[in-house]
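Here's the structure, in structure tokens; my notes come after.
The values are calculated or read from the model by the stated rules, or taken from the named source; none is laboratory data. Quick caveat, the model's predicted, so the values are computed rather than measured. Reconstructed Cβ throughout: ideal geometry from the backbone, glycine too, with neighbour counts over all protein chains shown.
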Amino acid sequence: MKILTKPRGAMASSAIAVLFFLIVNQNNRKFKAKNDQNVTEKTKKAPKKVGVNRDFLAQCKKIFPIIFPKLFCKETGLLASLAGVLIIRTYLDIWFSGFNGMVVKSIVSRKRQDFINLVVFTFGLMMWPMSITNNSLKMNISALSLAIRNRLTKHAHNQYFKGITFYKVANIDNRINNADQLLTQDIDKFSDTLSHLYSDTLKPIVDIVLFAMKLSQAIGAEGPLIIIGYFVSTAFGKNILYNHFNIVEALRVISPPFGKFTANEQKLEGEFRYTHSRIITHAEEIAFYQGNKREKEVANKSFDKIYRHVQQVYRVHFMNGIFDSVLVKYLATMTAYYLLARPVLDPRYATKYMGEFSSDPTKIMEDYSRNSGYLVNLSQAIGRVILAGRDLTRFAGYTSRVAEFFEVLESVNQGRYVRSMVGKDSNGIANSEKSKVQVVSKNDLNGKIVVQNKIIKFENVPIITPNGDILVKELNMVVEPGMNTLVTGPNGCGKSSLFRILGDLWPLFGGVLTKPSPEKLFYVPQKPYLAIGTLRDQVIYPHTSSEARAIGFNDEEIFKLLEAVKLEYLVVREGGWDAVSDWADVLSGGEKQRIAMARLFYHKPDYAILDECTSAVSVDVESIMYNYAKKCKITLFTVSHRQSLFKHHEYLLRFDGEGSYTFGKMDHPDAPDPFGFSHGKSRFTEKK
């Protein structure tokens with residue numbers, strides 16, 4: 001085989017380097033295009049730059065006071081404890097380097113008893129503190145991560161469940177699409193990354209200080225200064241090239257934006273999780289439509305986005321890892337070999353050293369083994385500090401996600417909502433190019449809410465959706481106790497919107513709304529919510545058993561409520577009040593609706609909003625429940641088209657679907673026309 005000469009070898013190496021760069025550059029271009037496509041798929045607005053920058057520092061400034069609320073707290077105690085364990089670990093590493101040198105010396109000198117004493121007795125004794133320290137380190141890191149997660153999760157829950165913020169985040173403000181992902185996975189990964197980042201940064205810094213001191217004592221101060229100088233010059237060289245020379249494409253290989261990659265990956269993971277969550281929620285409807293193939297396509301498409309993104313990230317990690325290995329590991333190893341060999345091979349230092357120990361080669365081996373341990377640990381420590389920058393950019397990605405979530409929660413709690421809406425062209429067809437962002441703040445909400453029991457009053461109240469669609473320009477009506485009102489109208493006319501405004505779910509854009517306090521107004525939907533808990537919990541929700549007993553409701557009183565809705569058999573069938581089941585699957589549609597009515601009778605409000613809440617109940621049981629509600633002196637606000645319900649109401653609120661409405665007392669409540677528009681006049685007397 002012909003061996004390449006030095007010039008030819010250099011040319012071959014250069015050609016390989018150029019080819020390697022072209023491959024890397026092409027991969028980066030493809031990745032950037034796909035990454036930008038994923039980011040801008042839903043909105044044309046440029047996202048915030050994710051990385052270790054001014055925004056990142058501002059986000060940390062907001063998040064860290066949540067994690068560390070005061071100087072002396074559990075979390076700062078864990079930081080101090082972890083720091084102490086890390087220092088102990090470094091001293092044990094120093095001891096082990098010296099111990100390893102002594103073992104090598106005993107082997108080279110063939111001193112069997114010294115070897116046995118070192119390995120069996122000395123190491124047998126020291127393995128216990130080393131094992132305890134190593135596992136204490138793992139435990140402290142895990143404990144710190146858990147404590148951080150606890151702080152952030154509790155803070156997020158406090159904001160998320162403040163009033164009905166959880167509803168507004170999901171239905172009014174659409175900046176956050178996957179709150180469940182943020183509350184569970186993103187906060188967890190943020191906490192885990194932060195705890196490891198602290199450990200992986202502090203430990204190398206301690207190692208650098210202590211191993212540099214030991215190495216200075218062994219081979220002189222020049223040794224650690226040379227190795228430290230190499231790493232510092234490498235780091236500064238990358239920074240200078242990146243910021244002052246026009247070779248950005250090349251430097252992207254060395255310093256890719258891992259923070260942006262991490263944030264985008266978490267976003268795509270959230271979308272994939274939402275896809276499956278949505279399928280579980282609507283499983284019955286999908287099954288009826290035989291939509292399994294369509295949903296599989298949607299789920300696969302969502303996962304393919306993750307697959308392509310992660311695949312490209314792995315390639316970038318591969319390319320970046322090659323440069324990191326060469327710069328941080330192998331070139332540093334070459335420098336370390338020189339420093340270790342210098343006392344023996346360099347004439348400037350070998351004369352004195354060899355003059356002292358030439359008669360004892362075992363001493364040379366001991367020094368080499370010990371000093372190599374010092375150098376390896378020092379080099380690894382400096383390398384970890386440099387590579388911590390990469391971990392910091394990943395951490396910046398999680399920080400961006402968590403900080404944005406907290407920012408949205410704070411914004412919504414202050415009454416500020418942001419919605420990105422797809423515009424329409426002149427033909428009324430959706431056009432993403434005409435997308436716009438709608439911002440609603442307290443300054444835009446000119447409505448006034450007056451809390452007053454025993455009355456519901458709308459004065460010039462517009463019914464406007466969060467998207468800005470005006471369903472009714474001004475609504476004026478008064479519902480006093482005993483004025484049971486039926487609400488009718490075509491789909492999308494404003495029936496449910498009216499109750500969302502009444503229940504504070506939607507913002508009040510104008511007028512004056514007078515209504516009872518929240519505990520005096522109760523809502524019963526068509527699909528009742530069934531809580532996690534016992535059969536008793538389903539009736540008294542959201543109260544607990546202790547709260548129910550405090551207001552005089554024992555199991556006998558609750559049983560009377562089940563009798564009122566003809567569900568008394570449930571207690572025996574399900575195995576008692578303390579039975580726990582997946583009630584959404586156990587109960588039939590009619591049973592769920594009757595449970596919801598029993599819940600209404602338990603709370604016994606002044607007013608009840610009934611939104612098609614008896615659609616799965618027989619007419620005779622429906623009549624029994626409505627009569628019981630009147631017996632409890634609950635004023636009913638019912639949305640329904642069932643003719644059987646007209647006899648239980650005295651007033652009719654009718655929307656025409658074109659922005660107009662009529663409200664008044666019914667003349668013939670037993671058999672009215674639900675809409676009346678086909679007759680040219682209504683069958684009720686309008687109330688003035």
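Selection over segment 569-579 of residues that are over 16 Å from Lys592 (Cβ atoms), free of Cβ contacts under 8 Å to residues at least 24 places away in the same chain and assigned to a loop (DSSP other than H, G, I, E, B) gives a count of 1. Just one of the numbered conditions (1) farther than 18 Å from Glu480 by Cα; (2) buried (at least 22 other Cβ atoms within 10 Å of the Cβ) is not true of Thr638: (1).
When the criteria are applied in full, Thr544 meets the requirement of being of a type in the set (Ser, Thr, Tyr), out of contact with any Pro (no Cβ under 7 Å at 6 or more places or on another chain), more than 19 Å from Asn627 (Cα to Cα) and loosely packed, with under 15 Cβ neighbours inside 10 Å. Thr514 meets all of the listed conditions (1) β-branched (Val, Ile, Thr); (2) closer than 27 Å to Ala564 by Cβ; (3) surrounded by 14 or more Cβ atoms within 10 Å (Cβ to Cβ) but one, namely (2).
Applying the criterion of being of a type outside the set (Val, Ile, Thr) and more than 25 Å from Asp192 (Cβ to Cβ) to the residues of segment 139-165, the residue that is modelled with the lowest pLDDT is Gly163.
Could you name every one of the helices (runs of 4 or more DSSP H) located completely within segment 78-174 that has at least 1 residues being surrounded by 14 or more Cβ atoms within 10 Å (Cβ to Cβ) and polar (S, T, N, Q)?
123-160, 165-171
Mind checking whether some residue in segment 474-489 is farther than 18 Å from Thr635 by Cβ, among the hydroxyl-bearing types (Ser, Thr, Tyr) and either free of Cβ contacts under 8 Å to residues at least 24 places away in the same chain or touching a His at 6+ places or on another chain (Cβ under 7 Å) (or both)? Checked against the condition, which is being farther than 18 Å from Thr635 by Cβ, among the hydroxyl-bearing types (Ser, Thr, Tyr) and either free of Cβ contacts under 8 Å to residues at least 24 places away in the same chain or touching a His at 6+ places or on another chain (Cβ under 7 Å) (or both), segment 474-489 yields no hits at all.
Within segment 296-311, residues that are touching a residue at least 24 places away in the same chain (Cβ under 8 Å) and within 14 Å of Arg278 (Cβ to Cβ) sit with their Cβ atoms under 6 Å from residues that are of a type in the set (S, T, N, Q) and surrounded by 13 or more Cβ atoms within 10 Å (Cβ to Cβ), at 6+ positions apart or across chains, in these pairs: Ala299/Thr275; Ser302/Thr275.
Picking from Trp583, Trp577, which residue would you name as being under 34 Å from the mean Cα position of the chain (by Cα) and of a type in the set (Phe, Trp, Tyr)?
Only one candidate qualifies: Trp583.
Okay, residues lined up against (1) modelled with pLDDT under 95; (2) of a type in the set (D, E, K, R):
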residue: Gly575; (1), (2): yes, no
residue: Ser581; (1), (2): yes, no
residue: Ile595; (1), (2): no, no
residue: Glu612; (1), (2): yes, yes
residue: Ser615; (1), (2): yes, no
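Would you mind telling me which numbered condition in (1) in contact with a helix residue (DSSP H, G or I) (Cβ under 9 Å, 6 or more places away or on another chain); (2) surrounded by 18 or more Cβ atoms within 10 Å (Cβ to Cβ) Glu557 fails? With respect to (1) in contact with a helix residue (DSSP H, G or I) (Cβ under 9 Å, 6 or more places away or on another chain); (2) surrounded by 18 or more Cβ atoms within 10 Å (Cβ to Cβ), Glu557 is out only on (2). Among the residues of segment 180-200, is any closer than 16 Å to Phe405 by Cα, acidic (Asp, Glu), outside any helix (DSSP H, G or I) and at pLDDT below 95? No, segment 180-200 contains no residue that is closer than 16 Å to Phe405 by Cα, acidic (Asp, Glu), outside any helix (DSSP H, G or I) and at pLDDT below 95.
Would you check if there is a residue in segment 310-322 being under 30 Å from Leu215 (Cα atoms), at pLDDT below 80, part of a helix (DSSP H, G or I) and of a type outside the set (Asp, Glu)? Among the residues of segment 310-322, at least one is under 30 Å from Leu215 (Cα atoms), at pLDDT below 80, part of a helix (DSSP H, G or I) and of a type outside the set (Asp, Glu), which makes the answer yes. Residues of segment 602-624 that are hydrophobic (A, V, I, L, M, F, W, C) and either assigned to a strand (DSSP E or B) or surrounded by fewer than 23 Cβ atoms within 10 Å (Cβ to Cβ) (or both): Ala608, Ile609, Leu610, Ala616, Val617, Val619, Val621, Ile624. Would you be able to say whether some residue in segment 465-483 is among the small types (Gly, Ala, Ser), modelled with pLDDT of 90 or more and not in a helix (DSSP H, G or I)? Yes: segment 465-483 contains one or more residues that are among the small types (Gly, Ala, Ser), modelled with pLDDT of 90 or more and not in a helix (DSSP H, G or I).
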